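Taking it in order: structure first as structure tokens, then the write-up.
Any read-out appearing in this document is the output of simple, stated calculations on the displayed coordinates, not a laboratory observation. Quick caveat, the model's predicted, so the values are computed rather than measured. Cβ coordinates were reconstructed from backbone atoms using ideal geometry, including for glycine residues, and neighbour counts include every protein chain displayed.
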Amino acid sequence: MLDQLMQMIQQQGQDAVVNNADVPNEHNEAVMQETQSAITGGLQQLASSGELNQLAQNPQALAGHPAVQNISNNFMGAIMQKFGLSEGAASDIAGSLIPSILGKVMGAVQQGDSGFDLGGLLSSFTGGDTAQSGQQSVGGIMNTISNLGAKFGLDKDGDGDVDMNDLSKLIK
């Protein structure tokens, strides 16, 4: 799933990053990696706050949504600090990449695009056995929440857990 997201970023980033004179060529790939980090982190925050459902229902409202602005601002700060980009260049890149890529992700979810699984994407960076010694992993917390959601009738696809696939069924 992360590969699909990176493919979206690379397609969109051709003009915003690669063909941008403000971004030194040696930083092109790193800026795209930073874009992926910003988007995955933003999706995690949106999922945990419950705003992901709202955005998935109306992907056209992404550009002006406060959560998307927050993701863009965090991304701008990161690329300004890490790569020495000016505020104007960082703003142009963020404005070009973040809303459009999130729009593509939400559009794929809304259309039920079987080639893009937001649940798989979220689980790829929240799940797994990544617990540090003595700490419950984020995946373990997510599994607990998912199991509770299933008990409350939120498991819309009947697979035994509550995930982004259930969310996409709720908004269709």
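Remarks
- Here, segment 1-91 has an Rg and a Dmax of 13.5, 38 Å when only alpha carbons are counted.
- Per-residue ³J(HN,Hα) for segment 69-84, Karplus 6.51 cos²θ - 1.76 cosθ + 1.60, θ = phi - 60°, Hz, x for Gly and Pro: 4, 5, 4, 4, 5, 5, 5, 4, x, 5, 6, 5, 6, 6, 10, x
- Net charge dipole size for segment 1-84 [Lys, Arg +1 and Asp, Glu -1 on Cβ; Debye, nearest 20]: 200
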